[in-house]
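First comes the structure, then the notes that go with it.
The values are calculated or read from the model by the stated rules, or taken from the named source; none is laboratory data. Quick caveat, the model's predicted, so the values are computed rather than measured. Because the Cβ atoms are built from the backbone with ideal geometry, glycine has one as well, and the counts that use them run over all protein chains shown. All accessible areas refer to the heavy atoms of the entire protein, side chains included, with ligands and DNA or RNA removed. Shrake-Rupley method; radii C 1.70, N 1.55, O 1.52, S 1.80 Å.
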Amino acid sequence: MKNFIDLADMPREQVVELLSLAERLVHKPEPQALAGKILGLLFFNPSLRTLASMQAAMARLGGTSFVISAGQGTWQLEMRRGAVMNGAPAEHVREGVPVLSHYCDALGIRAFASGVDLQADLAESSFNEMVGLVNKPVINMESAINHPCQALADWKTMDDLAVPRRAKFVLSWVNHPRALPLAVPAATVHMAAMRGMDVVVLRPEGFALPPAVMKKAADAAAANGGTLRETSDRDEALSGAHVVYAKEWGSTAHYGNAEADAKARSGLADWCVRDTWFSRAAVDCKLMHCLPVRRNVAVADEVLDGRRSVVQREAYNRMVVQAAVLHQLLSTPTH
Ligand code: CP
């Protein structure tokens, strides 16, 4: 493995091996495996879990890390090609990113979508450009349209809970005060399809995932024995569900238009997961969410604090699976 950018870069068997390594490192820690190695972490956007879990995973393997939060105690970094840099950013990523890569053995990058141009966000133009500037392994800590660390942790969470491969997995749009990026829903639907599950994307009209995202997931489902479909019929989607994965995202019908997005979601306050959502679901149906979550907007207290919620295990598994990723990328084989 050269980089960790997208689960789609790996065959299913390699993902399963990575998950086995993650489990092995939990039961048989290797506190010196990455001694002397340095992980750089470059954030263009805020984080709680990704920042803390990457540093914790690196420390547990004996390595160290440094964190750059662009524009917070460091120069603001410009990403646009050809920009006339007479505004706030004092340094371009074309200089800054290679500089950081001199100082570390692997670099994690978080750079969310612009939220303005859907095609540019789907193309991952800015993120891919930065990856091309680094001559060390790169870890995607959430890009415009992907969050593979979260997806891998969620896959492990379902394995830990013995959720069957052909279980019914419902990715449901839920409410939020504003438009959020497509990275997590895109990564999640692909992960569940690649795991071989029966995946349903439940969303109101105007919030369909882009055709390119659905096509990628459909291909993964076809290759791995799963299925994929989408609907706006909540009762039908939730009937028999084994997993409800709640996630907020912006209106794709009004991408980049905050006013139209707000209008589209104004009548959707009932898209907040409540106990009643599970009345026809499987008895032990789980509630997943990547966090952070807006309580009583996206998911009600009664669900987050109830027996179905596995959000803490998902968050814990971020550290567990990222340790495996770092081990794969940075450890020196002993034979
Ligand atoms: N789920 C996730 O990536 O959390 P953070 O944004 O806090 O890192």
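Of the DSSP H helices in the chain, those with a Cα length along their own long axis of 15 Å or more and a mean Kyte-Doolittle hydropathy reaching 0.0 comprise 12-27, 49-60, 183-195, 211-224, 311-330. Probing with 1.4 Å while keeping every protein chain in the model, the per residue accessible area of segment 162-309 equals 40 Å². Placing +1 on each Lys and Arg Cβ and -1 on each Asp and Glu Cβ, with no other charges, gives the chain a dipole about its Cα centre of roughly 440 debye. Computed in the context of the full set of protein chains, the accessible area of segment 125-184 at 1.4 Å probe radius has 52% of its extent on carbon or sulfur.
The mean of 1/r over all pairs of different alpha-carbon atoms in segment 281-335, once inverted, gives a Kirkwood hydrodynamic radius of 13.5 Å.
With Cβ to Cβ distances under 11 Å as the rule, what net charge do the other residues near Arg80 carry (K, R +1; D, E -1)? So the environment of Arg80 carries a net charge of 0. Pair-distance distribution P(r) for the chain, from all Cα-Cα distances in 10 Å bins starting at 0: 6, 26, 34, 24, 9, 1, 0 percent.
Residues whose amide H lies under 5 Å from that of Ser172, counting only those 5 or more places away or on a different chain, are Leu202, Tyr245, Ala246, Lys247; hydrogens are built 1.01 Å from N in the peptide plane.
Ranking Phe278, Phe44 from most to least accessible surface, computed with a 1.4 Å probe over the protein chains only, gives Phe44, Phe278.
Only one residue of Gly71, Leu202, Ala52 has its Cα farthest out toward the positive end of the dipole of the chain, where Lys and Arg carry +1 and Asp and Glu -1 on Cβ, and that residue is Ala52. Phi angles across segment 287-295 convert, under the Karplus curve 6.51 cos²θ - 1.76 cosθ + 1.60 with θ = phi - 60°, into 3J(HN,Hα) values of 10, 10, 7, 6, 6, x, 10, 7, 4 Hz, Gly and Pro given as x. Over all distinct Cα-Cα pairs of segment 54-202, the Kirkwood formula returns a hydrodynamic radius of 17.5 Å.
Sorting Lys216, Lys247, Lys2 on solvent-accessible area from highest to lowest, probe radius 1.4 Å, gives Lys2, Lys216, Lys247.
Pairs spanning more than 24 Å between alpha-carbon atoms, out of Lys2/Lys168; Lys136/Lys216; Lys215/Lys247; Lys156/Lys247; Lys247/Lys286: Lys2/Lys168; Lys136/Lys216.
Distance between Cα centroids, segment 174-212 to segment 221-297: provide it in whole Å. Here the answer is 8 Å between Cα centres.
With K and R counted +1 and D and E -1, the other residues having a Cβ less than 9 Å from that of Ser239 yield a net charge of 0. As a rough guide to protection, the peptides 25-32, 172-179 ranked by mean Cβ packing within 10 Å, highest first, stand as 172-179, 25-32. Phi angles of segment 105-118 translate, via the Karplus equation with coefficients 6.51, -1.76, 1.60 and θ = phi - 60°, into HN-Hα couplings of 9, 8, 10, x, 10, 10, 8, 5, 5, 5, x, 10, 10, 4 Hz per residue; Gly and Pro are given as x. Contact order for the chain, expressed relative to its length and based on alpha carbon pairs under 8 Å spaced 6+ residues apart, stands at 20 percent. Taking amide hydrogens as placed 1.01 Å from N in the peptide plane, the amide H of Leu180 sits under 5 Å from those of Trp249, Gly250, each at least 5 positions away in sequence or on another chain. For segment 162-309, the equivalent ellipsoid derived from the alpha-carbon gyration tensor has semi-axes of 22, 20, 12 Å in decreasing order.
Look at the alpha carbon pairs under 8 Å that are at least 6 residues apart: their mean separation over the length of segment 162-309 gives a relative contact order of 30 percent.
Residues whose amide H lies under 5 Å from that of Gly108, counting only those 5 or more places away or on a different chain, are Gly40, Leu41, Leu42, Ile139; hydrogens are built 1.01 Å from N in the peptide plane. Shown are Val131, Val200, whose ranking by accessible area with a 1.4 Å probe and every protein chain present, most to least, is Val131, Val200. The alpha carbon gyration tensor of segment 217-260 gives principal lengths a ≥ b ≥ c with a/c of 1.5 or higher and a/b no greater than b/c, which makes the shape oblate.
Note that segment 163-174 has calculated 3J(HN,Hα) couplings of 6, x, 4, 8, 5, 8, 10, 10, 8, 10, 4, 9 Hz, one per residue in order, obtained from phi through the Karplus relation 6.51 cos²θ - 1.76 cosθ + 1.60 (θ = phi - 60°); glycine and proline are x.
Once all protein chains are placed together, Thr64 keeps about 80 Å² accessible to a 1.4 angstrom probe. With the convex hull of its Cα atoms as the shape, segment 11-64 has an orientation-averaged projected area of 4.7 nm². Semi-axes of the equivalent ellipsoid for segment 173-235, computed as √(5λ) from the eigenvalues of its C-alpha gyration tensor and ordered from largest down, come to 21, 13, 9 Å. Taken about its Cα centre, segment 257-335 carries a charge dipole of about 100 debye when Lys and Arg each add +1 at the Cβ and Asp and Glu each add -1 at the Cβ.
Placing +1 on the Cβ of every Lys and Arg and -1 on the Cβ of every Asp and Glu, with no other charges, gives segment 164-281 a dipole of roughly 340 debye about its Cα centre.
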